[in-house]
1. Expected output is a single nm value to one decimal: the length gained when fully extending between Ile48 and His133, i.e. 0.36 nm times separation in residues minus the C-alpha distance. What is it?
2. For Gly99, enumerate residues with amide H under 5 Å from its amide H, sequence gap 5+ or separate chain, H modeled in the peptide plane.
3. Candidates (1) 10, 39, 39, 11, 1; (2) 10, 38, 36, 14, 3, 0; (3) 9, 35, 39, 13, 3, 1, 0; which is the computed P(r) over Cα pairs in 10 Å bins from 0, in percent?
4. Going by alpha carbons, how many degrees (0 to 90, nearest 10) lie between the helix axis of 2-33 and the longest principal axis of the chain?
5. Quick one: pull the percent of accessible area on the range 44-124 belonging to carbon and sulfur, 1.4 Å probe, ligands and nucleic acids left out.
6. Provide the per residue accessible area, probe 1.4 Å, for the chain, rounded to a whole number of square angstrom.
7. Assuming R0 = 45 Å, can you tell me the calculated FRET efficiency for the pair Thr56 and Ser170, based on Cβ-Cβ distance, to the nearest 0.05?
8. Counting helices only, and only those DSSP H runs with n ≥ 4, report the 222 nm mean residue ellipticity of the chain as the sum of -39,500 (n - 2.57) divided by its residues, in deg cm²/dmol to the nearest 500.
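The values are calculated or read from the model by the stated rules, or taken from the named source; none is laboratory data. All values reported here derive from a predicted model rather than from experimental measurement. We place every Cβ from the backbone using ideal geometry, glycine too, and count neighbours over all the protein chains shown. Just the protein is used for accessible areas: all its heavy atoms, side chains included, with ligands, DNA and RNA removed. Shrake-Rupley method; radii C 1.70, N 1.55, O 1.52, S 1.80 Å.
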Amino acid sequence: MELIQQLGTTLGLGLLSGIRLYLTVLAVGVAVRFNWIHLNESFQGLGILADWRVMTAAGIACSIEFVADKVPWVDSAWDSIHTFIRPVGAVLLGVAAFGNLDPALKTILALLCGGVALTGHSAKSATRFVANHSPEPVSNMGLSLAGDLMVPVATWFSFEYPLVTLGVVSVVVLISAWLSPLIFRIFRVE
């Protein structure tokens, strides 16, 4: 049961990393640093995120992303670049989170974490791409602010309710798989 709870939390962080990697790293780091969440023995590897150097780097990158994400088309360019960065970051979070597991199982679960991050990133990128085609500027800014607010709350939720988080991640992955052909057709038309 502990492995399933650990999987729920880690896949939740993976999904959030696909949406906002730097904010996820910063949120976990700050929460651990100020004891808002307590890492049990299985998550001790994530304690590195509370190091001031990691939090500083994540904070700077998060600030840049915050600004870039508010500007139509700049956000899509930023997302394009981060198609490679976010899943790799999620894999690294998965490796840290699954630190005390068998190496083969840890590798499989870390790759799963990266795949979930790519799913979250793809869903976010597609949504923002569609919003950029909207004639009014409010939807793009609203989606960006919603992401900024959702990540810290969902990070806490991932640690407090890992089984529910696992269910949410599963539903998001299934919906994304179901919508992928439609999204691909929209991108191909554009």
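1. Working: separation 85, 0.36 × 85 = 30.60 nm, distance 4.01 nm.
Stretched fully, the Ile48-His133 segment lengthens by 26.6 nm.
2. HN-HN under 5 Å from Gly99: Gly45.
3. Recomputing P(r) over Cα pairs in 10 Å bins from 0, in percent here gives the entry labelled (2).
4. 60
5. On the way: 3110 of 3900 Å².
Its accessible area is 80 percent carbon and sulfur atoms.
6. Working: 9870 Å² over 190 residues.
With all protein chains present, the chain gives 52 Å² per residue.
7. On the way: r = 35 Å, r/R0 = 0.77.
So the FRET efficiency works out to roughly 0.85.
8. Calculated at 222 nm, the ellipticity per residue is -29000 deg cm²/dmol.
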